[in-house]
Amino acid sequence: MRKYFTFYGSFYDVICDLNDSDKLIFYTGIVEYGLLNKEPKFSGILATIFKAIKPNIDSGHYSQDNGKLGGRPPKNKTQTTPLNPPLNPPLNQEEEEEEEEEELKEENKRSKKSGVFNLDFMPNASKPIFQKWLDYKKDRKESYKSQASLRACYEKLKKLSNNNGKIAEEIINQSMANNWAGLFELKETKTVDASVWVNQDVY
């Protein structure tokens, strides 16, 4: 069993958006994966979130295995400084993780301060539909706590709509019409002629 594993503040921000029962399931699952290498059997939104943070946990495992419990490998005492060292030496694995985490923190701070999130991670055709949801949340004086939680919401919408832009917009309209704070599967599935979906953009 490992003594510790990587857990970033951005993980906590995303988990805070879950209900209490899902929080317990998720925390238990990632602790068992981080310390015991036991693959969790998540489903739905929990599986989506785990898929996003798993590479960071795996990267921390790699650093531990190659640097004595996460520390950097000991320097060779006989190692000499090169005559012409590079001006910008490449970062090692641990430094890359720290830099990525700092960039994510800065992005989250900018998003919270301005109330504007970066939507460049999604296709252009999806942005107007998802922005409609963000505008609705803003009118309710609600906001996502981080860029990571925003991405988790987008992934949930993709799954609920089966990656279909038309259905995604109907899901958003349903929540707006019922004054809901979240996104849910359509209560009624309309029977639509197949020709309606010809040339329909995939969400």
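Here, each number is a calculation from the coordinates, and none is a lab measurement. The model shown is predicted, which means the values in this text are computed figures rather than measured ones.
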**Request:** Grab the alpha carbons of segment 116-197, take their convex hull, and tell me the volume per residue in Å³.
**Result:** 95
**Request:** Using amide H atoms built 1.01 Å from N in the peptide plane, name the residues 5+ places from Asn164, or on other chains, whose amide H lies under 5 Å from its own.
**Result:** Tyr203
**Complete:** The answer for Leu119, listing residues at least 5 apart or on another chain whose modeled amide H is closer than 5 Å to its amide H, is none
**Request:** Determine the alpha carbon to alpha carbon distance for each of Lys54/Lys166; Lys38/Lys187; Lys41/Lys159; Lys38/Lys156; Lys38/Lys127; Lys23/Lys141 and list only those over 28 Å.
**Result:** Lys54/Lys166; Lys38/Lys187; Lys38/Lys127
